[in-house]
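Structure record follows, encoded as structure tokens.
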Amino acid sequence: MTILWTRLEGGPGLDACTVSWEPTLSLTGTVVTHFPGGPGSVEYAVEADGATAVTRMAEVHVRGEGLNRHLLLQRGEDGRWRVDGVHWPALDGLADVDLGVTPATNTLPIRRLGLAVGEQAEITAAWVRFPELTVAPLAQRYTRLDRGRYLYESIASGFQAVLEVDGDGVAITYQNLWRRVAPAAPAARDPILEPLTTKDFEELSTAVDNWWGKSVSWLLQRFMTVHWSDTSFVVREGGRPIAFLLGFVSPAHPEDAYVHMLGIDPGHQGQHWGRRLYEAFFEVARARGASRVRAITSPSNRRSIAFHQALGFSLEPGDHVADGLPVHTNYDGHGHDRVLFVRPVHEAPQ
Ligand SMILES: CC(C)(COP(=O)(O)OP(=O)(O)OC[C@H]1O[C@@H](n2cnc3c(N)ncnc32)[C@H](O)[C@@H]1OP(=O)(O)O)[C@@H](O)C(=O)NCCC(=O)NCCS
């Protein structure tokens with residue numbers, strides 16, 4: 001995706017930045033603007049870890065009348081920074097680079113911190129000034145004001161700016177300094193719970209191993225997203241899936257509805273998405289004439305067991321009891337013990 005921002009204050013300016021997320025988060029852009037000494041341009045390239053958004057490298061060229069400067073920042077895996085190849089201890093341990101000339105690099109701490117609404121965090125970034133290209137640690141605070149807005153504060157100077165961002169954490173507006181002119185982007189909205197269909201298959205298939213913390217993607221198969229789509233749900237935030245439930249009403253036992261998979265993105269666990277997905281499923285199961293909902297999990301998944309019990313599920317008797325749990329030995333094949341849950345659907349959710 002290539003984004004074009006226009007500068008609203010302090011003289012003319014445009015910033016065209018190409019953003020990509022995986023496997024490396026990269027921000028590659030050109031700023032054309034007016035520095036105190038005259039017009040000039042900046043070419044920048046930033047690379048960060050695709051999963052953690054921790055900066056790995058930033059390279060900058062500044063050109064203009066009497067200006068031809070270059071800067072290379074590199075962060076090693078050990079957190080040590082080099083500036084133009086020379087170890088720069090003042091930056092050691094910092095995670096983010098902040099290029100003062102562009103709203104692009106605010107995306108790095110926004111994605112890295114993953115703040116919930118109302119949370120704030122203090123960070124120190126490797127701050128690059130323009131057009132001087134001096135580098136220094138700069139203490140900053142980010143506060144998530146609502147789903148799509150952050151307050152940025154420079155702790156030493158007291159400078160404040162409200163950033164409105166899209167679902168990827170990329171600026172739409174930066175106070176009254178920058179505004180995105182293309183492509184148009186809706187501000188990050190509240191998550192939406194909607195029917196799960198086969199268009200969700202690929203994204204969920206690549207996400208679930210991370211959500212479970214182990215290999216489970218083989219459990220999610222395309223036919224389920226085709227044939228159970230009228231009884232399955234996905235939650236999307238800013239276009240990306242953050243939770244889903246795959247279930248069906250049994251053709252052979254229409255009194256039973258069955259949940260095959262339920263997963264929540266780790267950044268959104270504990271926010272009642274599991275409960276809300278089950279409530280949607282109870283409703284559809286009830287409407288289709290089912291009287292019970294069944295589900296299973298492995299005896300080691302204590303969180304899932306506590307979660308199902310909190311939702312009013314009871315554990316079905318097993319063939320033996322282990323750690324106080326009724327376990328069905330080899331229920332899903334040799335070595336795959338399970339605990340079984342059941343809950344009437346007529347009960348109001350607890
Ligand atoms: C298990 C999982 C689905 C729970 O979803 P969630 O959205 O985090 O849970 P919710 O926020 O909806 O919690 C619902 C209730 O369960 C309770 N609960 C959740 N985890 C709990 C735990 N570890 N201990 C005690 N209670 C717990 C919550 O307190 C909450 O109760 P409340 O509504 O009375 O406040 C989610 O953590 C997950 O996706 N885990 C990884 C995948 C997985 O194991 N899936 C289940 C097996 S298919």
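The values are calculated or read from the model by the stated rules, or taken from the named source; none is laboratory data. Everything numeric here is computed off the predicted structure, so don't read it as measured data. With ideal geometry, Cβ positions are generated from the backbone for all residues, glycine too; neighbour counts draw on all protein chains shown.
What the table shows:
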| quantity | calculated |
| --- | --- |
| The stretch 324-338 residues that are under 16 Å from residue 295 (Cα atoms), paired with ones that are surrounded by 12 or more Cβ atoms within 10 Å (Cβ to Cβ) and among the basic types (Lys, Arg) (beta carbon under 6 Å, 6 or more apart) | 328/338; 331/338; 332/338 |
| Enumeration of residues in the stretch 230-245 that are touching an Asp or Glu at 6+ places or on another chain (Cβ under 9 Å) and either surrounded by fewer than 18 Cβ atoms within 10 Å (Cβ to Cβ) or over 24 Å from residue 286 (Cα atoms) (or both) | 236, 237, 238, 239, 240, 241, 242 |
| Flag for residue 215 being crowded, with 16+ Cβ neighbours inside 10 Å and of a type in the set (S, T, N, Q) | no |
| Test: residue in the stretch 323-338 that is within 13 Å of the ligand (Cβ to nearest atom) and not assigned by TED's automatic domain parsing to the domain that holds residue 115 | yes |
| Matching residues in the stretch 172-183 - criterion: being surrounded by 19 or more Cβ atoms within 10 Å (Cβ to Cβ) and hydrophobic (A, V, I, L, M, F, W, C) | 172, 178 |
| The stretch 146-171 - residue that is in contact with a Gly (Cβ under 8 Å, 6 or more places away or on another chain) and not small (Gly, Ala, Ser) and, of those, surrounded by the most Cβ atoms within 10 Å (Cβ to Cβ) | 165 |
| Residue match in the stretch 284-300 (condition: within 12 Å of the ligand (Cβ to nearest atom) and without any contact (Cβ under 8 Å) to a residue 40 or more places away in the chain) | yes |
| Residue tally, condition away from the ligand (no atom under 14 Å from the Cβ) and at pLDDT below 95, over the stretch 239-273 | 2 |
| Filter result for residue 2 (within 28 Å of the chain's Cα centre (by Cα), crowded, with 16+ Cβ neighbours inside 10 Å and under 21 Å from residue 179 (Cα atoms)) | no |
| Residue in the stretch 74-85 that is within 26 Å of residue 179 (Cβ to Cβ) and either among the hydrophobic types (A, V, I, L, M, F, W, C) or in a loop (DSSP other than H, G, I, E, B) (or both) present | no |
| Residue check, residue 234 within 16 Å of the ligand (Cβ to nearest atom), in contact with a strand residue (DSSP E or B) (Cβ under 7 Å, 6 or more places away or on another chain) and without any contact (Cβ under 8 Å) to a residue 40 or more places away in the chain | no |
| Qualifying positions in the stretch 284-297 - surrounded by fewer than 16 Cβ atoms within 10 Å (Cβ to Cβ) and in a loop (DSSP other than H, G, I, E, B) | 288, 289, 291 |
| Evaluation of residue 272 against (1) over 13 Å from the mean Cα position of the chain (by Cα); (2) buried (at least 20 other Cβ atoms within 10 Å of the Cβ) (one fails), failing number | (2) |
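The rows are residues; the columns are (1) under 23 Å from the mean Cα position of the chain (by Cα); (2) touching a residue at least 60 places away in the same chain (Cβ under 8 Å); (3) not assigned by TED's automatic domain parsing to the domain that holds residue 115.
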site: 9; (1), (2), (3): no, yes, no
site: 15; (1), (2), (3): no, yes, no
site: 22; (1), (2), (3): yes, no, no
site: 42; (1), (2), (3): no, yes, no
site: 52; (1), (2), (3): yes, yes, no
site: 57; (1), (2), (3): yes, no, no
